[in-house]
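A.B. asks: I am attaching a structure below and will ask some questions about it afterwards.
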Amino acid sequence: MMPIPGSGLAKGLAVTLRTMTKRSHTAQYPDVQPELPPRTRGVIGLFEENCTVCMLCARECPDWCIYIDSHKETVPAATPGGRERSRNVLDRFAIDFSLCMYCGICIEVCPFDALFWSPEFEYAETDILELTHERDKLRQWMWTVPAPPALDPAAEEPKEVAAARKAAEKAEAAAEAAAAAAAAGAGGTAGGPAAPETDAPTPGEADA
């Protein structure tokens, strides 16, 4: 079936007329801040205490926009006769947001929860070189990260929590069984069968 000539134009004009009769909703930004969803992908915050300089985030980043520098330090032995060990110390952690495409891969692959999404989005600069933010700025954004949502009460219990709970219940049951056995043993010793009565004479009767 051939379309009627001018039908597309009529549909477009109908949409325009419907829009013209509706009241517009203008966001009064920046005087009024927008209400963003709690998990808005604004910028990436760094909780550097959790960072072990494993370099997973930098290696998995498809844009190679994460820069990390570190050095090794020797940690003395915790106990006398123990061995010294070395650990990585973070010197620099920077993200170039002029290259970042906000895919979130770095946050997902971090095994120690050192990176988080922050809803902050007002970080425009006049120079593109200033869009590379160092760890001090990333740490400031960390404190704007919203708290995680509450767990679903109907959700399946995590395997780690279930294993820990079962181990605790097993240990508690073993302790109760040991306490009950100890109490039964003590009761048998203290309240055992009485000695049988005999017809032996008392000392006075024996002298008589």
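A.B. asks: Scan the stretch 140-148 and tell me whether some residue there is farther than 25 Å from GLN33 by Cα and open to solvent by 50 Å² or more (accessible area, probe 1.4 Å). Before you say what the answer is, go through the steps one by one.
C.D. replies: In the first step, residues of the stretch 140-148 are kept if they are farther than 25 Å from GLN33 by Cα; the result is none.
No: zero hits.
Here's the yes/no breakdown for (1) open to solvent by 90 Å² or more (accessible area, probe 1.4 Å); (2) charged (D, E, K, R); (3) modelled with pLDDT under 85:
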position	(1), (2), (3)
PHE93	no, no, no
LEU99	no, no, no
PHE116	no, no, no
PHE121	no, no, no
GLU157	no, yes, yes
ARG165	yes, yes, no
GLY204	no, no, yes
ALA208	yes, no, yes
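A.B. asks: Would you pick out the residues in the stretch 38-84 that are part of a loop (DSSP other than H, G, I, E, B), over 29 Å from LEU129 (Cα atoms) and either modelled with pLDDT of 95 or more or polar (S, T, N, Q) (or both)?
C.D. replies: Within the stretch 38-84, just THR79 meets the criteria.
A.B. asks: Now for a different question. For the structure I just gave you, tell me whether ARG135 is under 17 Å from GLY42 (Cβ atoms), surrounded by 11 or more Cβ atoms within 10 Å (Cβ to Cβ) and modelled with pLDDT of 90 or more.
C.D. replies: So ARG135 does not fit the description; no.
A.B. asks: Of all residues in the stretch 82-107, which are touching a strand residue (DSSP E or B) at 6+ places or on another chain (Cβ under 7 Å) and β-branched (Val, Ile, Thr)?
C.D. replies: VAL89, ILE95, ILE107, listed by residue number.
A.B. asks: Residue check, ILE68 against (1) under 28 Å from PRO37 (Cβ atoms); (2) crowded, with 16+ Cβ neighbours inside 10 Å, all met but one. Which one?
C.D. replies: Result: ILE68 fails condition (1) only.
A.B. asks: Does the stretch 1-31 hold any residues that are under 25 Å from PRO119 (Cα atoms) and either open to solvent by less than 90 Å² (accessible area, probe 1.4 Å) or touching a Phe, Trp or Tyr at 6+ places or on another chain (Cβ under 8 Å) (or both), and which are they?
C.D. replies: ALA27, PRO30
The values are calculated or read from the model by the stated rules, or taken from the named source; none is laboratory data. Worth saying up front: this structure is predicted, and the values here are computed from it rather than measured. Quick reminder, even Gly has a Cβ in these numbers, built from the backbone with ideal geometry, and neighbours come from all protein chains shown. The area values use the complete protein model at the heavy-atom level, side chains included, leaving out ligands, DNA and RNA. Shrake-Rupley method; radii C 1.70, N 1.55, O 1.52, S 1.80 Å.
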